[in-house]
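The values are calculated or read from the model by the stated rules, or taken from the named source; none is laboratory data. Worth saying up front: this structure is predicted, and the values here are computed from it rather than measured. Ideal geometry is used to build each Cβ from the backbone, glycine not excepted, and the neighbour counts take in all protein chains shown. Surface accessibility is based on the protein's heavy atoms, side chains included, excluding ligands, DNA and RNA. Shrake-Rupley method; radii C 1.70, N 1.55, O 1.52, S 1.80 Å.
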Amino acid sequence: MNILYIEHYASPDDWGMEHRPFRFARRWIAMGHRVLIIAASFTHLRSRNPEVDGPFCRMEWEGVPFLFVRTPRYEGNGRKRCGNILAFLYGIDRFYEKMTGSFSPDVILVGSTYLLDFYPARRIARRCHSGLIYELHDLWPMSVCQLGGYSPRHPGIRLLQKAENDTLRSCDAVCSMLPGVLPHLQAHGFSGERFFYIPNSVEIPEEKVRPGAYRDTLLSLRRDGFFLVGYTGAMGVANAVWVLIKAARLLRDKPVRFLLIGKGSELESLKQLARTLQVQDQVLFLPPVSHEEIRGLLPLFDGMYVGLQKKPLFRYGISPNKLMDYMAAGKPVVLSVATEENPVEKSGCGLTVEPENPREAAVAIETLRQMTEGQRLEMGRKGQTYIRQHHSEEKLAGEYLRCMQEVCEKKRRTG
């Protein structure tokens, strides 16, 4: 089977946060299938971006081919980011045949959050008589409205809403990372006949990963007797990292240190909040490092934190990669999210608190600190067991492949 994966933010493992296409593609290629990933040359989610001289370039990692469409650099969420998206859409339309040559997809997976890449994907699917699967990461435009404060009447939101409706009415199937989202999709035109839940995957390292950057910093703090709480990932509005900083203020008399590794639009305001609350000695802000280095650092923490804003959209489920990484590393987690599908509660790998509630977060962190090392290890083992049962990369790649085969079979029968 020939699989075309269109994902604006797709990255090799060591380049950034959007690893799902690469990891699944690697599995499918090992099973004997052909896979081609089309991604943008620049995205803010990567720690490294390729240099592209022409309108596109082809690269390969571990046998997985990438086509990078040249897109301009940007910062923030303004016009330049919109220009980056438009350049990606134009590049797919303008150079698709030149980029892909004789590659004719049996099925196309498309899911770059903002939905507009569905239109060039649909045109390709119609020309090639391919199955078309929408891979749902986040609920746009709902997320933009609830997290960004935009009105549903805003012209940009209306465009995104039309794109969501068109996508759900036209796709052959939806593959969702959010388990409880089907009622929302049906309300926007999806028939519900082929809905598949394929969450994010993660592998538990068979061997210890050697920590790189910040290893000495963490080891020094451990020797000084501090309980280390970690957060790795985006410092954006949705992540509500300010909760952790205010929790640090409440725990200022305890031997606890907070290490925040990452970047994002809220980074400077978070640093200012730490200075205002006079917790800059308790809260360390560290620049982002590669995913492999993060995996090596996780065993040095005593507990990890994941938070999101208190918004209705999270009731449909959550799928942060960082949470999967923490559980795979066997770390107890404080989850500050309101969701009906709660992997921390289901697995018993940590404590769940009300979102945007620093006092509850502080109590949970102190509860972890007061536990014995053995109790925390047991929590961590429960998380690893849950990962093996529900988030195995090999298992989910196989399930996803069966979804694609089902879509292709129906396409053949109906013509």
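Observations on the structure shown:
- In region 32-55, residue most open to solvent (accessible area, probe 1.4 Å) [restricted to those that are closer than 18 Å to Pro288 by Cβ and of a type in the set (A, V, I, L, M, F, W, C)]: Leu45
- Options Ala187, Ala238, Ala213; residue that is open to solvent by 50 Å² or more (accessible area, probe 1.4 Å), within 26 Å of the chain's Cα centre (by Cα) and of a type in the set (A, V, I, L, M, F, W, C): Ala187
- One residue from Trp61, Trp28 being at pLDDT below 95 and within 22 Å of the chain's Cα centre (by Cα): Trp61
- Residue match in region 321-331 (condition: aromatic (Phe, Trp, Tyr) and within 25 Å of Val283 (Cβ to Cβ)): yes
A quick yes/no check of all residues on (1) within 30 Å of Val237 (Cα to Cα); (2) open to solvent by 10 Å² or more (accessible area, probe 1.4 Å); (3) more than 23 Å from the chain's Cα centre (by Cα):
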{"position": "Phe66", "(1), (2), (3)": "no, no, no"}
{"position": "Glu75", "(1), (2), (3)": "yes, yes, no"}
{"position": "Arg127", "(1), (2), (3)": "no, yes, yes"}
{"position": "Leu136", "(1), (2), (3)": "yes, no, no"}
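- Region 384-415, subset within 14 Å of Cys175 (Cβ to Cβ) and among the charged types (D, E, K, R), residue farthest from the chain's Cα centre (by Cα): Glu406
- Total residues in region 252-277 satisfying the condition of being open to solvent by 10 Å² or more (accessible area, probe 1.4 Å), assigned to a loop (DSSP other than H, G, I, E, B) and either within 22 Å of Ala364 (Cβ to Cβ) or among the charged types (D, E, K, R) (or both): the figure is 7.
- Just one residue in the set Val407, Val337 is surrounded by 15 or more Cβ atoms within 10 Å (Cβ to Cβ) and under 20 Å from Lys311 (Cβ atoms); that residue is Val337.
- The test for being closer than 18 Å to Ile204 by Cα and either in a loop (DSSP other than H, G, I, E, B) or hydroxyl-bearing (Ser, Thr, Tyr) (or both) does not hold for Tyr305.
- Test: Gln280 is among the polar types (S, T, N, Q), at pLDDT 95 or above, surrounded by fewer than 21 Cβ atoms within 10 Å (Cβ to Cβ) and not in a strand (DSSP E or B): no
- Within region 157-189, restricting attention to residues that are in contact with a Pro (Cβ under 8 Å, 6 or more places away or on another chain) and part of a helix (DSSP H, G or I), the residue that is farthest from His390 (Cα to Cα) is Arg158.
- Long-range neighbours under 8 Å by Cβ, at least six apart or interchain, first residue free of Cβ contacts under 8 Å to residues at least 24 places away in the same chain within region 345-360, second open to solvent by 70 Å² or more (accessible area, probe 1.4 Å) and β-branched (Val, Ile, Thr): Val353/Val363
- Among the residues of region 1-31, the ones that are part of a helix (DSSP H, G or I), open to solvent by less than 10 Å² (accessible area, probe 1.4 Å) and hydrophobic (A, V, I, L, M, F, W, C) come to 4 in all.
- Flag for Tyr90 being touching a helix residue (DSSP H, G or I) at 6+ places or on another chain (Cβ under 8 Å), surrounded by fewer than 22 Cβ atoms within 10 Å (Cβ to Cβ), under 28 Å from His44 (Cα atoms) and aromatic (Phe, Trp, Tyr): no
- So Pro320, is it at pLDDT below 95, over 13 Å from Phe258 (Cβ atoms) and open to solvent by 30 Å² or more (accessible area, probe 1.4 Å): no
- Considering (1) open to solvent by less than 30 Å² (accessible area, probe 1.4 Å); (2) over 17 Å from Phe226 (Cα atoms), the lone condition that Gln389 does not fulfil carries the number (1).
- Residue check, Arg58 open to solvent by 30 Å² or more (accessible area, probe 1.4 Å), touching a residue at least 24 places away in the same chain (Cβ under 8 Å) and in a strand (DSSP E or B): yes
- On the stretch given as region 285-302, residues that are of a type outside the set (A, V, I, L, M), crowded, with 19+ Cβ neighbours inside 10 Å and part of a helix (DSSP H, G or I) total 4.
- Qualifying residue in region 105-128 (condition: in contact with a Lys or Arg (Cβ under 7 Å, 6 or more places away or on another chain) and not in a helix (DSSP H, G or I)): no
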